[in-house]
Structure formats: structure tokens, C-alpha cells
Amino acid sequence: MDFKNVDKKYRPVPFWSWNEKLNVPESVRQTALMDEAGIGGYFMHARGGLQTEYMGKEWFENVAACVEECKKRGMHAWAYDENGWPSGFGGGKVNGKGEKYWQKYLRVRSCADNLSDIPENRIIYNDGKKCFYYEVNPFYVDTMDREVIGDFIKEIYVPYYEKFGSGFEGFFTDEPQISRNGIPWSLTLPQKYKEKYGEDINGILESLFEQTGDFKTARVKFWKLVTELFSENFMKQIHDWCKAHDLKFTGHLVLEESLHSQLVSNGACMPHYEYLDIPGMDWLCRPIFPCLTPLQVASTAAQTGKKQVLSETFALCGHNVGHDELKRNYEWMTVRGINLMCQHLEGYSLRGIRKRDYPPAMYVQQPWWADYKIFNDAMSRVGM
């Protein structure tokens, strides 16, 4: 191995925040500056402040220029699959198609209450004592529904492939999730539950809220199914599409820090990591502490024979963080199996409020930029 000239596949792949009016010459210029600073590639990340139409003509002109410039320099250009996060709503294209596509939460109320505010079509089961129904979040999508995520692929992944084929690395998916607001629901659940267990899901709904009957078994069966539906219909469906089109799939999930937080948001993280070609996590803020996250993602990589493990890191460390502390935090991750750095965040612009987007701003605007290669070289050697 050449420890002085580390191959770019081991070098950092930061979030490059496209948060301004994009300009092809400027995009090419910034790519060159990253190359000079020892960065191996980037995720082209639509983000707050973007003044160019997402997935529009100018957007793809800039993507094309960056893909071409990366090829010239031996760098690795990646797409980011959303306009913001969490991934799945397709910049409004998917969730904008109506209630079937929306994220849903299971709720219960006593029939003694006034239920007139619950739309009839949202009532799942009424036993005369309790009414089970769902609420909606129109700003996100049902990640357990295969048709919904198929539409997400069609709206976001397919246009990239139609324009660039497999001429770029692949896609980063960011914090896809089942729920952040209680027990998740999907219009597909009753049929899927019947197919898996041969039972009517209405019979266990009360056990999901109260310790009645064999509630432990009921909850295990419900959450196992929820986990499988998310894994099959979001993670595996996208992975399989990418594999069929000779593209890679990476990213990370949300609330990875504990088994409990994973349960309510994703069912479990490890079954989903299997479908990432480069399994990933994030580690935000300055503190380091005993945590499952890097151990789980590195374990999945070891079990599936994947050599690289990514961490989206350094966000919320603040503008006054030093490279000594960044080095400490990243080395804490590397001894737990992380070996590919995704710095958060490189802002295309720091104009106005953009400079306050999850600092530190780790980019060309900094006075230390000319010395940044030293840090990148060191961390890349460790990763290699």
C-alpha cells in the first residue's frame, strides 16, 4: 500500500450542500478545490437555501458537469436521493399524490368520546368500546408500502439513471423511517398481517396500547412485520434497483442510538443495513459515549463482507470546534469499525442564514482550508 498517496476510494466523501443558485463553472471550481484538499468525492445534496429548481434542467446541468469533472480527477460523485430529509417524499413529488402515499399513525379513542372529527375512511376497527383509526402526516410517506416507494424510485432514481447511466457512484439515502410519532400504520398492514400470521390484525390492536391478553406476543408479531415491510419495500427494493443498474446504495437510518429508539422508528437497524453497499451511520455533536450505533453497523459490514463503513459526522460540533477534537471523535469511531468519513457540511454558499446550518462549515470559506489536506490525508490513511 502507498501510505503517502492514498487512493481516492478511501478518501472523505462529504455532504456538499447545494444551498444556493447553482452555476456550472462554480460547481466545477469547487470540485477542483475539494480535490486539492484531499477529498475523494462528494454527495450532491439538495438543501435549504437552494435557488435552483430541484431535479430541473439547471440542476442536472450542474450534476452532469460535476460527474464529468470527478471522472477527470478520479473522484467519486454520488447523488443524494432527496431534497432535504428524510428520504422518501421525493421533494414533494411522492407525498403530493394523496393520502394513500402519506405516513400514517395508529390511534385509539374511547367510543364514549365524540368521534365525529375522525374521517370515516380512517377508522380501522370499532368494537363498540374503543375506536381504532389512523392519523396522517402529509409531509412524509408510507415507507411500508411497496407501491409508494416504487413511485419514489421512479421520481428520483430513474431520472438520474436516464441521464447518466452508471456513470456516477450511486445514491445516499438519509434517515428513511417508519415513524417518529407513535405506532406506525399502513393501508397494507391488514392484508400483510393476514398473509403472515393467518389472523385478523384487528384482534391485536388493543394489545398494542394496553397490557391485555397475550400482549407480548402480539407486540412482537406486529413489530416484526413492520420491520420486515420497511426492509423489503424501502431498503431492499431500492438496493435491488441500484444493483440492477450497476449503482451503489449507501446512507443511514434515523435514531440508531438505542434498541428502543430503533424500535419505534425503524423496527430495528441491523436488518436494514444489509441492503446498503456501504453501511452507514451518523454521529452528530461533540460528545462520545458508549453506544450501539458504530458496533452494529460495523458488525453488519463484517457479516456481509463489506469493506467500507461510513459515518456522516461532525454536524452540530459548532463553528469553534478544532481539528484536534474532530480527529479525536473520528478516531473513536474508527476503533469501532468506521473507515469512511462523510463530513457534514460543505456549503456551496454561506450567504445569510446558510452559515447556521448544523455547523461547523467545513469548506473553502474557512481560513484553515489550505491546511485541510493534512487532516484528510491522516484520516484517509487510517481508513485505508
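Close contacts from segment 24-38, counting a first residue that is in contact (Cβ under 8 Å) with a residue 40 or more places away in the chain and a second that is surrounded by fewer than 19 Cβ atoms within 10 Å (Cβ to Cβ) and of a type in the set (Lys, Arg), with Cβ to Cβ under 6 Å and a gap of 6+ residues or different chains, come to ASP35/ARG73; ALA37/LYS373; GLY38/LYS373. Restricting attention to segment 90-111, does a residue exist that is within 27 Å of MET34 (Cα to Cα) and open to solvent by less than 30 Å² (accessible area, probe 1.4 Å)? Within segment 90-111 (the criterion being within 27 Å of MET34 (Cα to Cα) and open to solvent by less than 30 Å² (accessible area, probe 1.4 Å)), the answer is no, since none of the residues qualifies. Is it true that GLU36 is farther than 22 Å from GLU312 by Cα and open to solvent by 50 Å² or more (accessible area, probe 1.4 Å)? No. Restricting attention to segment 148-164, and to residues there that are in contact (Cβ under 8 Å) with a residue 24 or more places away in the chain and either among the small types (Gly, Ala, Ser) or open to solvent by 30 Å² or more (accessible area, probe 1.4 Å) (or both), which single residue is nearest to LYS72 (Cα to Cα)? This residue is PHE164.
Within segment 197-208, the set of residues being open to solvent by 60 Å² or more (accessible area, probe 1.4 Å) and either over 19 Å from LYS129 (Cβ atoms) or under 29 Å from the mean Cα position of the chain (by Cα) (or both) comprises GLU199 only. Of the residues that make up segment 48-61, is at least one farther than 23 Å from GLY90 by Cα, at pLDDT 95 or above and open to solvent by 10 Å² or more (accessible area, probe 1.4 Å)? No - not one qualifying residue is present in segment 48-61.
The values are calculated or read from the model by the stated rules, or taken from the named source; none is laboratory data. Please read these numbers as outputs of a predicted model, since none were measured by experiment. Virtual Cβ from ideal backbone geometry, glycine too; neighbours counted across all protein chains shown. Surface accessibility is based on the protein's heavy atoms, side chains included, excluding ligands, DNA and RNA. Shrake-Rupley method; radii C 1.70, N 1.55, O 1.52, S 1.80 Å.
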